[in-house]
Structure formats: structure tokens, C-alpha cells
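The values are calculated or read from the model by the stated rules, or taken from the named source; none is laboratory data. Note that the structure is a prediction, hence the values are computed from the model and not measured. Cβ placement follows ideal geometry from the backbone for every residue including glycine, while neighbour counts extend to all protein chains displayed.
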Amino acid sequence: MRSHYCGELDSSLIDQEVRLCGWVHRRRDHGGVIFVDLRDRGGLVQVVFDPDDAAMFASAEQVRNEFVLAVQGRVRRRPEGTENPSMATGEVEVLATRLTVLNSADTPPFQLDDYHADVSEEIRLRYRYVDLRRPEMQERLRTRSRITQSLRNFLDEHGFLDIETPILTKSTPEGARDYLVPSRVHPGEFYALPQSPQLFKQLLMMSGMDRYYQVARCFRDEDLRADRQPEFTQLDIETSFLDEDALTGMMEEMIRRLFKQVLDVDLPQPFPRMSYAEAMRRFGSDRPDLRVPLELVDVADLMGEVEFKVFAGPAQDPAGRVVALRLPGGGELTRKEIDEYTQFVGIYGAKGLAYIKVNAWSEKGREGLQSPILKFLPDSAVDGIMQRTGAEDGDLIFFGADTATVVNESIGALRVRLGRDRGLMQEGWQPLWVVDFPMFERDSHTGRWVALHHPFTAPKEDQLAQLEADPGRVESRAYDLVLNGTEVGGGSIRIHREDVQRRIFRLLQITDEQANDRFGFLLDALKYGCPPHGGIAFGLDRLVMLMTGSGSIRDVMAFPKTQTASCLLTDAPSAVDEIQLKELALRIRLRA
């Protein structure tokens, strides 16, 4: 039906006959001549309908926005002075010789030719098939396709095999909640949708398929955020006989090539590396945004003996932390603005936000500072704070004092917020490998040790001996790739010995009986010649979101769910009839 996409037409095709198919983007009637901007996934082109052909002109008079047309005509140069430099096809137009209305259209729920950001996301998702016609959305999905193709090509060239793993699998209740699928042929039993292909890709390594990848659909029944969905896509990778340096080096090469091919951007070589401990100390986050130059400065040793218990308490508590955050030029902040930042850190559990304004320290010393907390701080503490932060006249120093977790989350988030609000955010891309993660952390509710990544991550070999004696000091062979403050990939070298895997399970209070029930197939496989192996998974949706400059992964997925995990387009999830429930031996029991 078509010879060209609309966006392909240019001056090289002048006087050629073309056949086009697409949607009416805009129709204009100018004194007896009708102009239609015809749109397809390739772009827009102007089509001219001349009244000399009365039947065709009459049909053109009836078309409206979003009608589906097939047009045949001759490409010609636009008359001088009517060119449209904002269109890729703006030098030419098509003089129509034939028009077929393939389908009419009701008035769309929002206009694509005059789209405004105030159209609610609810409307966009309910009429997603219309929303996806917008050039902005089509470009995002085209970019997603190019990203996936680049990643696949790299892995294919480096000997990786694209292997599918099961979607219906066994529930292993560790981490996020599983989506469960009832079995009709095994009444009362359930499959689970995979949270990741983790165990199967490890089994592939044991099978001798030493380089695996998969663009995998994954499912997690968890609370949602702007960068989370109940179903998402990850690029899943596993290799044998590579250590972490070799594996991360190869992945760097893949990401550098991706950015060069898709965005024509040169990323640094090599990517910088930073330990987990350093990232938390300097930025309060294990995924720091290095575009923001602000850093947290520890001052607990200066506050241990002050009269201000808000500072002294956390300073004397082994689980506490007291930090200062210098904001250059922040002295001009109003009290209202400071109050707004105080409310912001409250979201992360902070009980307040102390500050010192540096008005004239260089001239007046302590008298040149302004703060309600100064009366509680001795000269030695003030001098130490000023020296460590490097504060200058006109600056402002914020403080965080609480448990280390609250301080890291609240002041770490404030650091990024200030970077954006105050124009301190640097341009460009800042990739970072975060390494040397702790193997375990304490669950704040149960006091149990839990795996910081997952229970199949290998501990560092030289720390195996202290695994049971001092698990909090054991580091893992894990690595996360962070890009502009967003974790886009995470992985580790895996445990490849059965005895070590059982030790990890026991430390996590998974008994041998529970381990055999949940992971018996893995433990058995580890006995039969398992090679050293490791891998990584990249969040494809997040990566596309960053590379397209989108605000949410929902904007780079064709048919996403809402933040309540519902699909407005299909009205899912929905009730099913009683017959289906009986076949599955299920009965609905609503929560009280």
C-alpha cells in the first residue's frame, strides 16, 4: 500500500510518484485548496488536494484529525516562502492524485497536533493507543528498539547465547513478593512468575553454556515508584570463568558502545570505581549522583560533648551519625525556603534540619554566623565545622543528626535536591561502579541478617573464615553500575560451592530443610562440577528512561501499569467468573 514513510520524503524525490499511508495530523482549508499533514511513525509530510479533481477534493473535505488515509501523489518543491524548517520534510509536499479513506475516527480524547502536558497520565494510559501516536512517544519506543538492538549485537559478537528461561517457576519467598499462578492440573499448588531468571541462569552455567543473555520479562509484587513497575524488562547476563574485573570491563565496553551508537556520546574510559563505604560516607547513598558537587562531612567527633542533645545523642551512639552539608551561596536562602527543605527531609524520617548561615566569618568570626543552634556549640566545635566544610562567607551549612540510616537517606536526598534547585547539577553523564558491598545487613524489625543483594552472591574469598564469627564485616563480590544517580545494573560473582551456599543459608536462618525445599535443585546442581561464574542484570526500562530524558519508566514502556499496579487500558486486574475459580479449586475470601 505504501512506497515510502512520510518522514522519508525530501528534495531528492521531487517529481517522483509516491504512495503514503498514515493518520491525519492536521487538516487546513485555505481558500479552495486543502492541506493535510499526514503522519506515520516516520514523521510528517504535507499533502495538497487540488479542487481540479472534484471527487477526490470532496473526499478530502470530509476527513478530520486521526482519519486513516492512503494517498498517492507526486512529490514537488514547496512554493518559495512556504517552506517549513521545523519539519524534516519541510522543503517538499505531495500533490495528491488519489485518496482512499481507510477508516474514519471519532474525536480523540486529546489532540495530538496541540498536545499539552496538562493532559493527565490517567487519560493517556486509558487511551494508550492514541497516546502512542504522539511523535514524542514514538521516538522513545524507536530509541528503545535501537538500545535493545545495540546491546544484543554486542553480546552476540562476544559469544553470548540468547537463551529463554521459564516464566512459570517455583516460588522462593525471599525478597519482594511473588506473583502466584494457580495450577489447574495440580489443585492447591502454585507457580510463581519470575522476579528474575537468577537461578536458571546459574543452572545454565553448570550446564556448560558459559555465556548467556536474555532480554527477560520479570515480575515483582511490590510497592511502586516512578522507576518501578510490577512487570519490567531486564537485560540478564551470566558468564563462567570470568572474575569481576573482567566481567565489569566487558560490560563497560558494551555501555560505552551503546551510548556512542544511540546518542553519539563518549563515556569515560574506564568508569570510575568507588567502594560502598566511601559512597555512603561522602554522599549518603550507594547510588550517588556525581553531577552534584556537594558532599556530606562527618562532624560527630566535634559534637559528642556539646549541650545540644539533638547532636550529642547521635554523636555518642555507635548506630548514629552527625554530618554537615555545605551549600555554596546558600546564605541567601529565605526562612521559608529553609522550612521547605526541613519538610523535605522529614519525608525520610528526619526530625528537623539545623543550619548555620555564614554571613561574615572571615571578618567577624563566630559573630559573623547566624543560627539558632550556635548558643549550644563551643568555639572548638564551630571552628572545626568551619574548617572541615571549607565554608566561606555567603554559604550555608545544613546538619543531619540521627541514626546513620535516617541521616544518609535524608541528607543524601537533600544533597541532590539542592543540586537541582540551586543550579549546581553538572551537565553530561557520570557513570560509576560501586563495589565492596557488605554481604549482609541487619533487618531493623527482626534483627536477622539479610543478604544485601541476594543469597547467591559470593563473599570475598579472604573473608570466608570470618563468615559466622563476624558477618557484618564480610564484603561481597558484588558490583552495581550507577548512572547519574540511578542504578541501571547490578550483579555479582556467585557462590559455586555447595558447602559455602549452605553456610550462607544457615546464617540467613534458612534451615537445611527449608533450603532443600526451596533451593534443592540448585544445591544438587552445585555438587556436579559447577564452574566459577557471575553475572549482571541491567534494568532496560531505567536505561531507556535515562537515555531518552523521560521522567518515568512508564513513558518508555508501550503498555505500563499505574502506580497501583492496574492497567487502565484493559481494566486489569479484574474479577473472573465462578467457573474459572472452580476449575482452579479456588474460592475468593476478602480481607476483613
Exercise. Restricting attention to segment 307-323, does a residue exist that is on the phi > 0 side of the Ramachandran plot and out of contact with any strand residue (DSSP E or B) (no Cβ under 7 Å at 6 or more places or on another chain)?
Worked result: no
Exercise. Which residues, taken from segment 534-556, are more than 12 Å from Ile255 (Cβ to Cβ) and either in a helix (DSSP H, G or I) or not small (Gly, Ala, Ser) (or both)?
Worked result: Leu540, Asp541, Arg542, Val544, Met545, Thr548, Ile553, Arg554, Asp555, Val556
Problem set entry | Subset tally (residues that are surrounded by 19 or more Cβ atoms within 10 Å (Cβ to Cβ) and touching an Asp or Glu at 6+ places or on another chain (Cβ under 9 Å)) for segment 387-403 | 2
Exercise. Based on what the data block shows, is Ala360 small (Gly, Ala, Ser) and either in contact with a Lys or Arg (Cβ under 6 Å, 6 or more places away or on another chain) or over 30 Å from Leu481 (Cα atoms) (or both)?
Worked result: yes
For this session: Please state which one of Leu369, Leu377 is buried (at least 17 other Cβ atoms within 10 Å of the Cβ) and either over 20 Å from Glu332 (Cα atoms) or under 37 Å from the mean Cα position of the chain (by Cα) (or both).
Result: Leu377
Exercise. Would a scan of segment 115-123 turn up a residue that is modelled with pLDDT under 95, of a type in the set (A, V, I, L, M, F, W, C) and within 22 Å of the chain's Cα centre (by Cα)?
Worked result: yes
Exercise. Residues of segment 212-238 being touching a helix residue (DSSP H, G or I) at 6+ places or on another chain (Cβ under 8 Å), at pLDDT 95 or above and charged (D, E, K, R), which ones?
Worked result: Asp236, Glu238
Exercise. If you scan segment 145-179, which residues turn out to be part of a strand (DSSP E or B) and either crowded, with 17+ Cβ neighbours inside 10 Å or modelled with pLDDT under 95 (or both)?
Worked result: Thr169, Arg177
Exercise. What do you reckon, is Phe519 aromatic (Phe, Trp, Tyr), touching a residue at least 60 places away in the same chain (Cβ under 8 Å) and in a helix (DSSP H, G or I)?
Worked result: yes
Problem set entry | Test result for Arg257, in the same structural domain as Arg211 (by the TED database) and among the basic types (Lys, Arg) | yes
For this session: Select from segment 63-103 the residues that are of a type in the set (Ser, Thr, Tyr) and out of contact with any Gly (no Cβ under 6 Å at 6 or more places or on another chain) and list them in ascending order.
Result: Thr82, Ser86, Thr89, Thr100
Exercise. Looking at Ser145, is it among the small types (Gly, Ala, Ser), in the same structural domain as Gly520 (by the TED database), at negative phi and out of contact with any helix residue (DSSP H, G or I) (no Cβ under 9 Å at 6 or more places or on another chain)?
Worked result: no
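Each row is one residue, and each column tells you yes or no for (1) surrounded by fewer than 14 Cβ atoms within 10 Å (Cβ to Cβ); (2) under 30 Å from Thr548 (Cα atoms); (3) assigned by the TED database to the domain that holds Met254.
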{"position": "Gln466", "(1), (2), (3)": "yes, no, yes"}
{"position": "Arg473", "(1), (2), (3)": "yes, no, yes"}
{"position": "Gly485", "(1), (2), (3)": "no, yes, yes"}
{"position": "Glu498", "(1), (2), (3)": "no, no, yes"}
Exercise. Do we find a residue being of a type in the set (Phe, Trp, Tyr) and crowded, with 20+ Cβ neighbours inside 10 Å anywhere in segment 188-210?
Worked result: yes
Exercise. Which one is farthest from Pro455 (Cα to Cα) among residues in segment 534-551 that are crowded, with 20+ Cβ neighbours inside 10 Å and of a type in the set (A, V, I, L, M, F, W, C)?
Worked result: Met547
